[in-house]
Amino acid sequence: MRPIRLALSNDYHVVLAGLAAMLSEYSDRVEVVVLTSDRDITEEADVILYDTFGRLAQGDDKLRKIVEENDAKVVVYSWDNYPVDVARNHGAAGYIHKGLPPGELVEAILAIHQGSTDESAPAPDSDEARSMPSWPGQHAGLSPRESEILGFIARGFTNEEISRRAYLSINTVKTYIRTAYRKMGVTSRAQAVGWALRNGFDSET
Amino acid sequence: MEPIPETSEAIDEFGPFTTGSDLLERLREMSDLVTEIVPECVGLSIAYREHGVTFTLVASDETIAALDGFQYVDDGPCVAAVREDRGPVEFSAEDPLAEERWHLFSRACAAAGIASTLTLPIMADHTAVGSVNLYAAAPHAFTGKHTPLAHVLGAWAPGAVANADLSFDTRRTAQQAPQLLYEETRLQVALGILAALLDVSVDAATARLQDAAERAGVSPTEMVELIIEQGTSASRDLGDA
């Protein structure tokens, strides 16, 4: 049986490249045919793995449009600030949690492709992104969560907007910012935006 | 003492401002330590040079509700009467606004009761990085207490200045904090977009933005919003709504 054709979608190239590298170990089962930040998937794919890193769940029109404009099954690959019901409302065929190790991620992709529901992918014990190999700011020691929050700041969102649209408490948002500031060596939002711009965060996305 | 609404908003929306403990908690702790030394202290403002904003806490009793009134009426007739020592102002009982105006007057009079203030510089590596202003309803409330106050506030006692802000101007400055922080953040976002679009450094983008604003005859703030709007459109064209 040929491997299923997989398109990877995210706003950050570093995230896509890391994910593709991780999945290359399973090329006999999943073949990554395209990495893209666009909503138009030019290569023919069986499944589009939509990595929500850097996306705010509320009002995520990009996911809705990818679902509408492509025939492939769209699988949301995320963590708990992007709720399953939000993904389903946008038309996703399945949802895989980032806490799964790589082998289980592949199993879950195959199961959803074969028509299983996302209940076949058990929720992990931890919300840590164990299967997320790379992200912006990783070189400075930022965790995936801290990196994601910094990306929102670099796009001009206030803490309250991040809290509301990412389904996190405002204290949680501030905690991530505080630990990220410590690692970046900055103390203000303006400095944080500047740091992000110099370290691979794209404020256009 | 409790933070004024704009201080809470600024810290919640654009914080945390520190990499250690929560700034709001720290400010409350500082105000508690101050009132242990000076029970008459009813207001505290801290200005941080690095952030370019001021945060203010005020006592939440009626006396300080009066301070709020003082800030809002500013140079109105009631305050003018107080300043010029013209005595009570009378209002007609038939005037439907009489009660409201009486309250306004009483608040202004009470606000004029800020009888002493103390300003202390905050130093780091022999440089002033900010300042603390304290406000009390009693005269001479801070006399002889500069050193213990400076100690609990991490300030420099020899640099103390008395009664420099009897009108509590720092409160008004603190009210501008959310807007100032919003504009600064938007500026940085716009510079990032510009730097990426033009493939130049952030410094070069800063110069280009200023030049473009001057040529277009618009304020830098308007230019910032235009850039962000266009940057978002460009992003949307790439498929990212």
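Structure values in brief
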{"read-out": "Pairwise Cα inverse-distance average, inverted: Kirkwood Rh of chain A (Å)", "value": "17.2 Å"}
{"read-out": "Modelled label reach - B:Arg26, point 7 Å along Cα→Cβ, segment A:154-183 residues with backbone N closer than 17 Å", "value": "A:174-183"}
{"read-out": "Rounded FRET efficiency, nearest 0.05, which uses the C-beta distance separating B:His151 from A:Asp85 and R0 of 56 Å", "value": "0.55"}
{"read-out": "Point-to-point label distance, B:Gln230-B:His140, nm (Cα→Cβ direction, 7 Å offset)", "value": "6.4 nm"}
{"read-out": "Pairwise FRET efficiency - B:Glu214 versus B:Glu36, Cβ, R0 = 51 Å, nearest 0.05", "value": "0.45"}
{"read-out": "All lysines inside 28 Å of A:Lys183 as judged from Cα atoms, apart from same-chain residues fewer than 8 positions distant", "value": "A:Lys98, A:Lys174"}
{"read-out": "Residue-averaged 222 nm ellipticity for chain A, from DSSP H runs of 4+ at -39500 (n - 2.57), nearest 500", "value": "-11500 deg cm²/dmol"}
{"read-out": "Two-site label geometry, A:Lys183 and B:Tyr182: point separation in nm, points 7 Å out along Cα→Cβ", "value": "3.1 nm"}
{"read-out": "Extension gain, A:Asp28 back to A:Gln58 (0.36 nm per residue minus Cα-Cα distance, nm)", "value": "7.2 nm"}
{"read-out": "Segment B:167-234 pair-distance distribution - Cα-Cα, 10 Å bins, rounded %", "value": "21, 44, 21, 11, 2"}
{"read-out": "R0 of 60 Å, Cβ-Cβ distance B:Asp125-A:His13: FRET efficiency to nearest 0.05", "value": "0.90"}
{"read-out": "Cubic angstrom per residue, convex hull over Cα atoms of segment A:19-105", "value": "94 Å³"}
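Rule-based calculations on the coordinates, nothing more; no lab input. Predicted model only: the values in this text are computed from it and were never measured. Don't worry about glycine lacking a Cβ; one is built from the backbone with ideal geometry, like all the others, and counts go over all protein chains shown.
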